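In what follows, a single structure is set out as structure tokens and then discussed.
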Amino acid sequence: MPAIDLNADLGEGCPFDAALIERISSANVGCGAHAGDADTIRATLQLARDRAVVVGAHPGYPDREHFGRRSLPLTAQEVRRLVESQVADLRSLAAPLGVAVCYLKPHGALYNQAQSEPEIAEGVLAAAAALGLPLLALPTSLVARRAAAYGVPIVREGFADRRYRPDGLLAPRSEPGAILIDPAEIRAQLDRLLAQGHQTICLHGDHAHSVDLADLVREHLAARGVAIRPFLDRSGS
């Protein structure tokens, strides 16, 4: 049976973590900079451990006012230090619980800038290489194209509820219609992502319809005969 991974951004203080963890196979756990705190993160890690959900690090800009979604003009070295520091913080919470941090997925503006801006992409890739972690990224992005030079494995990620531009990158949230809400559009997008060979599909965990979206995606995949399975096991292999 064909299979695909479902991931969601958790540990950010949103009220849907417990419901979403039952519906996904990989959890992008916030590192406490753009949102969340140690208690929230620890609770999310425990949920993931108990439900055999693979954990990845979800570092973002330390800009809580904008939830890490405001672009910042950082250098590659600043980005590398930011990512490495936040992953270290997450690992310090995960290790006592017996949870491995198995991959890297930047959050918000850090993710989006890495898709097209050389300085940010370089910093993210340098951090991923130093940390020994695979990186979730859009397949057509700059960071994905440059990953081989750093020896960083790329996990091809698609988004169930975001509109794409013709170049394969995401439409900015500031644009009208950037967030898909029509179930027919979401189903059609899922079919495109499956046909294009994506390895994981992101479900956003920070809005009121997160759980409904997860159920819609799971039902559509089941109807297509596609299993939900992590792209890694919990040891990171």
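With the requirement that a residue be buried (at least 24 other Cβ atoms within 10 Å of the Cβ), of a type in the set (Ser, Thr, Tyr) and in a helix (DSSP H, G or I), what does the stretch 1-58 give you?
THR44
Of the conditions (1) within 24 Å of ILE154 (Cα to Cα); (2) surrounded by fewer than 23 Cβ atoms within 10 Å (Cβ to Cβ); (3) at pLDDT 95 or above, ARG69 satisfies every one except a single condition; which number is it?
Failing condition for ARG69: (3).
Does LEU169 satisfy being modelled with pLDDT under 95 and either under 22 Å from HIS220 (Cα atoms) or surrounded by 13 or more Cβ atoms within 10 Å (Cβ to Cβ) (or both)? Please lay out each step first, then the result.
Numbers: modelled with pLDDT under 95: yes; either under 22 Å from HIS220 (Cα atoms) or surrounded by 13 or more Cβ atoms within 10 Å (Cβ to Cβ) (or both): yes.
Criteria met by LEU169.
Which of the residues that make up the stretch 123-133 are surrounded by 18 or more Cβ atoms within 10 Å (Cβ to Cβ) and hydrophobic (A, V, I, L, M, F, W, C)?
If we filter the stretch 123-133 for residues that are surrounded by 18 or more Cβ atoms within 10 Å (Cβ to Cβ), which is where we start, we get 123-128, 131, 133.
Result: VAL124, LEU125, ALA126, ALA127, ALA128, LEU131, LEU133.
Restricting attention to the stretch 221-235, and to residues there that are surrounded by 11 or more Cβ atoms within 10 Å (Cβ to Cβ) and more than 17 Å from ARG49 (Cα to Cα), which single residue is nearest to the chain's Cα centre (by Cα)?
First pass over the stretch 221-235, keeping only residues surrounded by 11 or more Cβ atoms within 10 Å (Cβ to Cβ): 221-222, 224, 226-234.
Subsequent filtering for residues that are more than 17 Å from ARG49 (Cα to Cα) retains 221-222, 224, 226-228.
Details: LEU221: 19, ALA222: 22, ARG224: 24, VAL226: 20, ALA227: 19, ILE228: 16 Å.
Of everything passing the filter in the stretch 221-235, ILE228 is nearest to the chain's Cα centre (by Cα).
So which residues in the stretch 195-217 are at pLDDT 95 or above and in a loop (DSSP other than H, G, I, E, B), if there are any at all?
Residues satisfying the conditions are GLN196, GLY197, HIS198, GLN199.
Condition test on ARG81, is it of a type in the set (D, E, K, R) and more than 23 Å from PRO96 (Cα to Cα)? Even if it seems obvious, please write down each step before you answer.
Values: of a type in the set (D, E, K, R): yes; more than 23 Å from PRO96 (Cα to Cα): yes.
So ARG81 passes the test.
Report every pair of residues separated by at least 6 positions or lying on different chains whose Cβ atoms are under 8 Å apart, first residue within the stretch 208-237 and within 14 Å of ALA19 (Cα to Cα), second modelled with pLDDT under 95 and not hydrophobic (A, V, I, L, M, F, W, C).
Pairs that qualify, where the first residue is within 14 Å of ALA19 (Cα to Cα) and the partner is modelled with pLDDT under 95 and not hydrophobic (A, V, I, L, M, F, W, C), are SER210/HIS204; LEU213/ASP161; LEU213/HIS204.
Given (1) polar (S, T, N, Q); (2) surrounded by fewer than 23 Cβ atoms within 10 Å (Cβ to Cβ); (3) more than 16 Å from GLY32 (Cβ to Cβ), identify the lone condition not met by GLN113.
Unmet condition: (2).
For the stretch 218-228, which residues satisfy the criterion of being closer than 12 Å to LEU6 by Cα, outside any helix (DSSP H, G or I) and not small (Gly, Ala, Ser)? I'd like the intermediate steps shown before the answer.
Restricting attention to the stretch 218-228, the residues satisfying the condition of being closer than 12 Å to LEU6 by Cα are 218, 221, 226-228.
Checking the rest, the ones that are also outside any helix (DSSP H, G or I) come to 226-228.
The answer is VAL226, ILE228.
With the structure loaded, tell me whether ARG192 is without any contact (Cβ under 8 Å) to a residue 40 or more places away in the chain, basic (Lys, Arg) and farther than 21 Å from ASN28 by Cβ or whether it fails that test. Don't jump to the end; show me each part of the working.
Numbers: without any contact (Cβ under 8 Å) to a residue 40 or more places away in the chain: yes; basic (Lys, Arg): yes; farther than 21 Å from ASN28 by Cβ: yes.
Here the answer is yes, as ARG192 does meet what is asked.
What about PRO59, is it over 14 Å from the mean Cα position of the chain (by Cα) and either β-branched (Val, Ile, Thr) or more than 15 Å from GLY205 (Cβ to Cβ) (or both)?
On the way: over 14 Å from the mean Cα position of the chain (by Cα): no; either β-branched (Val, Ile, Thr) or more than 15 Å from GLY205 (Cβ to Cβ) (or both): yes.
Spelling it out, it is not the case that PRO59 is over 14 Å from the mean Cα position of the chain (by Cα) and either β-branched (Val, Ile, Thr) or more than 15 Å from GLY205 (Cβ to Cβ) (or both).
Residue-by-condition table, conditions (1) within 25 Å of SER235 (Cα to Cα); (2) in contact with a helix residue (DSSP H, G or I) (Cβ under 8 Å, 6 or more places away or on another chain); (3) surrounded by fewer than 23 Cβ atoms within 10 Å (Cβ to Cβ):
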position	(1), (2), (3)
SER85	yes, no, yes
ARG91	yes, no, yes
ALA95	yes, no, yes
ALA100	yes, yes, yes
GLU117	no, yes, yes
ALA121	no, yes, no
LEU135	yes, yes, no
THR140	no, no, yes
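The values are calculated or read from the model by the stated rules, or taken from the named source; none is laboratory data. Since the structure is predicted, the reported quantities are computational estimates derived from the model, not experimental observations. Because the Cβ atoms are built from the backbone with ideal geometry, glycine has one as well, and the counts that use them run over all protein chains shown.
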